[in-house]
Structure formats: C-alpha cells, structure tokens
Amino acid sequence: MKAFSAKIITWYLQNKRDLPWRNTQDPYYIWLSEIILQQTRVDQGMSYYLKFASEFPTVTHLAKADNEKVMKLWQGLGYYSRARNLHTTAQIVQSEHKGQFPDSYEAILQLKGIGEYTAAAIASFAFNKPHAVVDGNVYRVLARVFGISTPIDSTQGKKEFKELAVTLLNKKEPALHNQAIMEFGALQCKPVNPDCIHCPLQSMCYAFEKKKVDALPVKSKKTKTRDRYFNYIVLTNKNNTIIRKRTEKDIWINLHDFPLIESEKEWDEHTFLKSKEWKKLIGNTKFKIRNVSKTYKHILSHQKIYARFWEIDSAEPLKKWTGENEILIPWNKISNFAVPRLIDQYLEDRK
Ligand code: SF4
C-alpha cells in the first residue's frame, strides 16, 4: 500500500503537467478548475479557466456578476447546469460564508453542484485535508492495479473503490497523493493504449500480469441515448429576427435559441409546410423559405440532436409572432446572447 503511493508520487513529480490551478492553494481557483474540468478535457477547459479567473478574480466578483455574462462566458463548454451552479454557489459563499470558501469537507459538500469527488479535491488540494478523490482516472488505475472487476457504476463498486482509495491515501501528503493518482490515470494509465511498458507500477499491476488491461475497469450500464429532431424557425424581416430564452425543464436552460418545432423524425420541406405546428405559427402571413440548412448533428451525453434551420423571410413585421420568452432583436445583436454550441455553429456557418 505504501509502495503504491510512493511510486505514483515519484512518477508525478517527474511527469506532471504545469497547469495554472496547480500553482495555487486558493480554494476559489481550485473549485473553478474542478467545475470546468468535469466532463471536459484539460486542453478544452484551459481557456475557459483563464477567462473566468481573469474576469472574476475572486468569488465576490463572480457572485456579483450578471448571470447572462456568466452564461455567455461559459458558452461552448456544454453541461450548462455547471455554470448555473457555479454562479449560485459563488453567491452562497458570498452571503453565507462572508466570501470565504469553507475549509471542511462536510461544509464544502453542502454547496450546490459539489459532489463527493469535488469536495474531496478542494479539501485536499486547498487545505491538505486527508480526503481521497475518486474520479474516472482513479477508478481506472485502481481497477487495473488491484484487479477489481466490480462495476464502477454500481453501488457496491462505488463503495469498494472508495474504501480502497481511502486505505491507499497518503495521510501525510493527501494533496500530492490525490494529484498524483489522477494525473497518473490521465497520462500513464490511459483508457486506451496505456503505457504499460514504461510504467512504474508494472510489477504490482494485476491487469498487466493477467493481460486484462483492456477489460478493466468494468461498467455495467450502457448509457441510453435518444434521438431528437429540431426544426429551428429562423425568421427575418427588415434585418430583425426572433430568439427565445429556454426556460422549460430540458437541455440548455437559460440559454437562447430560435423558435423551435420538435418532430418525431427528420422533416422534408413538404412535411414541414404541411405540419400543424408550422401552420399554427405562420397563420395567414406571406412568407418565403429562403434556405434550409444542412442537418447539424449535435451529440450530448444522453441525446443526439439532429437540427435543421428553416430560414424564412416574412412579409410582415415579426412583432406579432413574438411570444412568451421570445425576444425580437436586430440580427447584429445576436452575439450579445448566450447560445448553445449548436446555435453558435450555425451562426458561424451563416457568416
Ligand atoms: S501497467 Fe499498464 S495497466 Fe498497469 S498501472 Fe501501469 S499503465 Fe496501468
């Protein structure tokens, strides 16, 4: 057990990446980096971290920021509930903790958007408290080195891995140990093609000895995905268009997109024009379909979205079509609004 920690720490000190959030013990920056890096690769998250750290240098700056600005800055990173929780948590830290991040694992865990992993990461990296982190990298390293085939997404698996991680934790150097095992999983014991030949744990690794590297870790459930078909109505009249704020309980809450008709499958022009949704929307207004975009395929964790943008010129001012949560804007103001990546891609292609 001791050898495990010593080996990964030695490896870490020689191989770690120089990342900006590693050069600080400020819990605010550590929290910021951890939220950004959930479900996001380091190379993709880096620019977002730098933008947030520079725009909001303290938790107080973030707490007092306009929500629209926070969402706009997050644009393109996906999983937008993270941005909403980030903002709410900053406000809670500001109002209930006088702008100081709490320093106990239990108090950190109470904050919105912070689960066991993130609480352990902040408690150990910022305050050097002995809490073991268990993220995807840690599951992989432990499953392979110790030959654990209990599914990592089962209740029993979570318990088993957590107990082992706690047992292995170097209580004298919890921050270093946690950083080391995560980095080891990210760079050395990678999901595909781990570098077993040059691995310092090779002699103690069950998976290497038994040739089971590709079989570990085990996951029991397959993520179910559903297909969705979006028909975005991009209306234009006198250089104005309509966007809407998404407020329903669905993906992309508080972001903006266009009026939308969702269909069971992809529509051709005939089906679109005959649909009762379109007829209801357009009424007697004279219009012309100027263009229909290609199909944009957008993959989320549980959904595949197939979107087409129906570009429609209206003969009448758009004001009468502006419904609840919809905003009539000049086209050149659209970049002021936070939009999902899919809409951003479409707008880029339109230029
Ligand atoms: S020998 Fe291979 S599978 Fe085992 S810990 Fe090292 S990199 Fe991972």
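The values are calculated or read from the model by the stated rules, or taken from the named source; none is laboratory data. Everything numeric in this text was worked out from a predicted model, so none of it was measured. Glycine gets a Cβ as well: all are built from the backbone with ideal geometry, and neighbour counts include every protein chain shown.
Conditions tested, residue by residue: (1) closer than 25 Å to residue 225 by Cα; (2) exposed (fewer than 10 other Cβ atoms within 10 Å of the Cβ); (3) in contact with a helix residue (DSSP H, G or I) (Cβ under 9 Å, 6 or more places away or on another chain).
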site	(1), (2), (3)
254	yes, no, yes
300	yes, no, no
306	yes, no, no
334	no, no, yes
341	yes, no, no
346	yes, no, no
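In this structure, does residue 192 turn out to be among the aliphatic types (A, V, I, L, M) and either under 23 Å from the mean Cα position of the chain (by Cα) or closer than 28 Å to residue 121 by Cα (or both)?
yes
Scan the stretch 212-247 residue by residue and report those that are within 23 Å of residue 11 (Cα to Cα) and without any contact (Cβ under 8 Å) to a residue 60 or more places away in the chain. Within the stretch 212-247, just 214 meets the criteria.
Out of the residues in the stretch 211-252 that are crowded, with 17+ Cβ neighbours inside 10 Å and assigned to a loop (DSSP other than H, G, I, E, B), state the one that is farthest from the ligand (Cβ to nearest atom). Only one residue tops the list, namely 246. If you go through the stretch 330-349 and keep only what is under 22 Å from the mean Cα position of the chain (by Cα) and not in a helix (DSSP H, G or I), you end up with 337, 338, 339, 340. The residues in the stretch 124-158 that are surrounded by fewer than 16 Cβ atoms within 10 Å (Cβ to Cβ) and either within 16 Å of the ligand (Cβ to nearest atom) or not in a loop (DSSP other than H, G, I, E, B) (or both) can be counted, and the count is 5.
Scanning the stretch 193-210 for residues that are within 8 Å of the ligand (Cβ to nearest atom), part of a helix (DSSP H, G or I) and without any contact (Cβ under 8 Å) to a residue 24 or more places away in the chain turns up just one, 202. For the stretch 17-55, the set of residues classified as within 21 Å of residue 136 (Cα to Cα), basic (Lys, Arg) and not in a loop (DSSP other than H, G, I, E, B) consists of 22 only.
The set of residues in the stretch 83-108 being at pLDDT below 95 and aromatic (Phe, Trp, Tyr) consists of 101 alone.
The set of residues from the stretch 159-172 being surrounded by fewer than 20 Cβ atoms within 10 Å (Cβ to Cβ), farther than 24 Å from residue 209 by Cβ and in contact (Cβ under 8 Å) with a residue 12 or more places away in the chain comprises 162, 166, 171. Residues that are within 16 Å of the ligand (Cβ to nearest atom), without any contact (Cβ under 8 Å) to a residue 40 or more places away in the chain, more than 23 Å from residue 118 (Cα to Cα) and not assigned by TED's automatic domain parsing to the domain that holds residue 295 do occur in the stretch 173-192, at least one of them. The listed residues are 277, 262, 311, 326, and the only one of them that is assigned by TED's automatic domain parsing to the domain that holds residue 236, in contact with a strand residue (DSSP E or B) (Cβ under 8 Å, 6 or more places away or on another chain) and farther than 30 Å from residue 73 by Cβ turns out to be 277.
Residue-wise test of (1) within 26 Å of residue 103 (Cα to Cα); (2) touching a Cys at 6+ places or on another chain (Cβ under 9 Å); (3) surrounded by 16 or more Cβ atoms within 10 Å (Cβ to Cβ); (4) not assigned by TED's automatic domain parsing to the domain that holds residue 202.
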residue: 6; (1), (2), (3), (4): no, no, no, no
residue: 25; (1), (2), (3), (4): yes, no, no, no
residue: 62; (1), (2), (3), (4): yes, no, yes, no
residue: 69; (1), (2), (3), (4): no, no, no, no
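Across the stretch 159-189, the qualifying residues are those that are polar (S, T, N, Q) and outside any loop (DSSP other than H, G, I, E, B), and the one among them that is farthest from the chain's Cα centre (by Cα) is 167.
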